[in-house]
Amino acid sequence: MTQNSYPTLEERLKQVLVLGRDNPDFLEYFHANHLPRHIRHIDEKCVIFSQKDDPTRSLKYVIDPYTKRKLSPLLQAIVLRGLKNHFVLQGIPGVQVLDSPHFYNSIPGLLGPFGYLEGFNLAHPNPSFLEDPKHILYLFQEQLDAETLSHIHAQKMVHRDVKPGNIIYSGERLWLIDWSITGNFTEVLQDFQARRPLGTFGYMNSGLECSRDYFALGVSLAQTLCPDLVLQEPLYTDEYRDQAKKALRRRFGEEFEEYF
């Protein structure tokens, strides 16, 4: 939900056609119900657009990030599982609102409606946001303590894709978005046994349950405040940990290092 990379209506429409080129049901729905000016965000993996009759709700169409094609049956099953888990977590502070745990209008890859979050993701923060590191630390601490993550894990769920691009600053707090690969503890173990490494390389550690989200949140803080840090694979090496901790301590103080 960052500022649109395709500013003209023509460019937005062309990109929608690329995303939906092998999904005629999606293109038919989009053309019948929406106009390019309703697009909130678009990139090579997804398009987010508001509902014409309710700008507070948005839909998201996603494709396979690797093949750039319509979701395969396996990915459809994984995403539907993630929607189901996201729906269970409704009402938790910092969890984006989702109205339905199914593909919208039964169109594979079309998700929502979601409550639209007016703001920016931490992969592309406003420069003024970065001027107050202590406030940023407070926001991340809020996620860690009595707020979002502890409530999610109390439901035996793991987000599995915490990263700056999936954290939105809106309404004076942080929100977690993109729950497509969220799993409960049993599902996470099953994916591990099936050798499905779901998540974003660079934000994953070897933990199977809650530690994955906590680790990724710490890395997200480091990346937000120190964007020059180079992500490594695997990220949980002692060398990277030491590098991140030293950067945070040197630039911002010990309390930032302790959070990581």
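The values are calculated or read from the model by the stated rules, or taken from the named source; none is laboratory data. Computed from a predicted structure; not experimentally measured. All Cβ positions, glycine included, derive from the backbone under ideal geometry; neighbour counts span all protein chains shown. All accessible areas refer to the heavy atoms of the entire protein, side chains included, with ligands and DNA or RNA removed. Shrake-Rupley method; radii C 1.70, N 1.55, O 1.52, S 1.80 Å.
Note on the chain: GNM, Cα springs under 10 Å; of Ala32, Ala244, Ala222, the largest mean-square fluctuation is that of Ala32.
For the chain, what does the helix formula give at 222 nm: sum of -39500 (n - 2.57) over DSSP H segments with n ≥ 4, over the residue count, nearest 500 deg cm²/dmol? Don't skip to the end; give the middle numbers.
Values: 9 runs with 102 residues, N = 260.
It lands at -12000 deg cm²/dmol.
The candidate values are [x] 127; [y] 160; [z] 141; the one derived from this structure for volume of the Cα convex hull per residue in Å³ carries the label [x]. Compared with the dominant principal axis of the Cα atoms in the chain, helix 210-225 is inclined by about 90°.
Just the number, please: carbon plus sulfur as a percent of the accessible area of the range 24-146, 1.4 Å probe, no ligands or DNA/RNA counted.
Details: 3260 of 5810 Å².
That share works out to 56 percent.
Using a probe of 1.4 angstrom and keeping all protein chains present, the accessible surface of the chain works out to 48 square angstrom per residue.
Taking Cα atoms only, the orientation of helix 24-33 departs from the longest principal axis of the chain by about 80 degrees.
The calculated FRET efficiency for Asp99 paired with Arg250, based on their beta-carbon distance and R0 = 41 Å, is about 0.35.
Around Asp213, under 10 Å between beta carbons, what's the net of Lys plus Arg minus Asp minus Glu among the other residues?
Numbers: positive: Arg160, Arg212; negative: Asp161, Glu209.
So the surrounding residues net to 0.
Legend: residues Ser106, Ser150, Ser50, sorted from most to least accessible area (1.4 Å probe; ligands, DNA and RNA excluded), read Ser106, Ser150, Ser50.
Give me the percent relative contact order of the range 1-123, please, defined on Cα pairs under 8 angstrom at least 6 residues apart.
So the answer I get is 24 percent.
Calculation over all alpha carbon pairs of the range 8-158 in 5 angstrom steps from 0 returns a P(r) of 2, 8, 15, 18, 19, 16, 11, 8, 3, 0 percent. When Cys226, Cys210 are compared by accessible area of protein heavy atoms, the largest-first order is Cys210, Cys226, using a 1.4 Å probe. When the charge dipole of the chain is built from unit charges on Cβ atoms (+1 for Lys and Arg, -1 for Asp and Glu) and taken about the Cα centre, the candidate among Gly112, Phe215, Leu139 whose Cα reaches farthest toward its positive end is Gly112.
Take Lys45: with every protein chain present and a 1.4 Å probe, its accessible area is about 80 Å².
Taking each residue as 0.36 nm, the span from Ser150 to Lys45 lengthens on full extension beyond its C-alpha to C-alpha distance by 34.8 nm.
Taking the longest Cα principal axis of the chain as reference, the axis of helix 238-252 is set at about 80 degrees. Projecting the Cα atoms of Gly20, His38, Tyr61 onto the charge dipole of the range 14-66, computed from C-beta unit charges around the Cα centre, puts His38 farthest toward the positive end.
Assuming R0 = 35 Å, can you tell me the calculated FRET efficiency for the pair Val18 and Lys52, based on Cβ-Cβ distance, to the nearest 0.05? With a Förster radius of 35 Å, E is 0.95. Ser50 sits among other residues whose Cβ lies under 9 Å from its own Cβ, and their net charge, with Lys and Arg +1 and Asp and Glu -1, is +2. Taken along the Cα-to-beta-carbon direction at a fixed 7 Å, the label points for Ala123 and Leu9 span 2.9 nm. Could you identify which residue out of Tyr29, Tyr203, Tyr116 has the top mean-square fluctuation in a GNM of the chain using Cα springs shorter than 10 Å? Result: Tyr29 has the largest fluctuation of those listed.
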